[in-house]
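The values are calculated or read from the model by the stated rules, or taken from the named source; none is laboratory data. No experiment lies behind these values; they were computed from the predicted model shown. Here the Cβ positions follow ideal geometry from the backbone for every residue, glycine too, while neighbour counts run over all protein chains shown.
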Amino acid sequence: MVDKKIKTLGDALRRNGVSRRGFLKFCTATASMMALPPAMVPALAASLDKARRPSVIWLSFQECTGCTESLTRSHSPTLENLIFDHISLDYHHTLQAASGHAAEAAREEAMRANEGNYLVVVDGAIPLGNPGYSTIAGFSNLQILEETAAGAAAVIAVGSCAAFGGLPKADPNPTGAVSVRDIVTDKPVVNVSGCPPIPVVITGVLAHFLTFGTLPELDEYGRPKAFFGTSIHDRCYRRPFYDKGLFANTFDDEGARKGWCLYKLGCKGPMTYNACATVKWNEGTSWPVESGHGCLGCSQPDFWDAGGFYNALSIPVGDISRTTSYAAAAGLGVAAVAAGINHKTKVAARKRHDRVTIDDLEKIS
């Protein structure tokens, strides 16, 4: 629970022996992570110093604990700093010491003490087919979500299961799984998708809320634009090979050894929006494409049902007209690009998350 003597983040930092130099270093890293100019660092520091530590209630439903595992590997800020210096994580099944009645009492107390101001973090889809599929303390996931979200300032759906339904919702969806946004319609909901999400993206959203008292600007799927505003394809170091039509045909051929594009092996980078190529994983060490495996598109809606992880599927509408090499690389006629995409195809693509498939393009080539 929150220490009543610690009223602001500055109080918490000083109590934990954090130096002014260390604090400014963190502010600089946070500003960079949120794509803020260096001139904003002093203002960011002043804001954070006075910011109050928000109460956070973390709910886990139909999930694999992968999102929590990702959070525990965050390095900017670290998990320990996030919990003890920046937020008050008052309820989390996996991380809290309390259990049973004591655990539920902690959640209820956090809700009462911070009415209208606490954040709810949800990982996992919510089953509607049968309440018995997933329960906590004898209550269905739906009941707990509705009760907890009622007094929250905002809800953060962490992971593709919470954001879009993820694996539980994949065909044939036996549990009737739905996303957080399908349930919570009267509160701001931020989707931090990924399977799992990048650790610093999770903490980055919390840092933004703590700094500005608001949620970050979101894209059409409710994701923070700072992290999901650019496709992986546009930031991928293999992109030049895509433009030249140089592709690996197997995972161990000459092209693969030379680092050529993995599009033909099912890489979903062109249709996936995330920060993997820039933020990377494991403290910035690497990311799937750099390690030799194509992007699975895990931060996109319905990626489990996208037609196979190792099948080349689609390219974004906005990228088609950039160069004719896109069409050549995908095995399409240049005339298809020059002629443009007819209105019917665009409408159909928009219904499938604003992407045009290769089949669509071939029909009008």
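Points to keep in mind about this one:
- Condition check for Pro197: in the same structural domain as Leu59 (by TED's automatic domain parsing), under 30 Å from Ala46 (Cβ atoms) and part of a loop (DSSP other than H, G, I, E, B): yes
- The set of residues from the range 104-154 being among the acidic types (Asp, Glu) and in a loop (DSSP other than H, G, I, E, B) comprises just one member, Glu115.
- Residue check, Ala157 assigned to a strand (DSSP E or B), of a type outside the set (Lys, Arg) and closer than 20 Å to Gly116 by Cα: yes
- From the options Phe251, Phe227, residue that is within 25 Å of Val41 (Cα to Cα) and in contact (Cβ under 8 Å) with a residue 40 or more places away in the chain: Phe227
- Number of the exception - Ala39 against (1) buried (at least 22 other Cβ atoms within 10 Å of the Cβ); (2) of a type outside the set (Lys, Arg); (3) free of Cβ contacts under 8 Å to residues at least 12 places away in the same chain: (1)
- His101 vs. criteria modelled with pLDDT under 85 and within 26 Å of Val155 (Cβ to Cβ): no
- If the condition is being surrounded by fewer than 19 Cβ atoms within 10 Å (Cβ to Cβ) and among the hydroxyl-bearing types (Ser, Thr, Tyr), then the range 42-55 contributes only Ser47.
- On the stretch given as the range 175-194, residues that are closer than 24 Å to Gly229 by Cβ and either at pLDDT below 95 or part of a strand (DSSP E or B) (or both) total 6.
- Residue check for Thr214: of a type in the set (Val, Ile, Thr), surrounded by fewer than 21 Cβ atoms within 10 Å (Cβ to Cβ) and either under 30 Å from Thr28 (Cβ atoms) or at pLDDT below 90 (or both): yes
- Contacts under 6 angstrom Cβ, first residue in the range 120-146 being over 18 Å from Trp58 (Cα atoms), partner in a strand (DSSP E or B), 6 or more apart: Leu128/Val178; Pro131/Ser140; Tyr133/Pro127
- Taken over the range 260-287, the residue count meeting the criterion of being among the small types (Gly, Ala, Ser) and either buried (at least 21 other Cβ atoms within 10 Å of the Cβ) or touching a helix residue (DSSP H, G or I) at 6+ places or on another chain (Cβ under 7 Å) (or both) is 3.
- Filtered residue count, the range 173-211, keeping only those that are of a type in the set (A, V, I, L, M, F, W, C), over 28 Å from Asp49 (Cα atoms) and either more than 14 Å from the chain's Cα centre (by Cα) or surrounded by fewer than 24 Cβ atoms within 10 Å (Cβ to Cβ) (or both): 5
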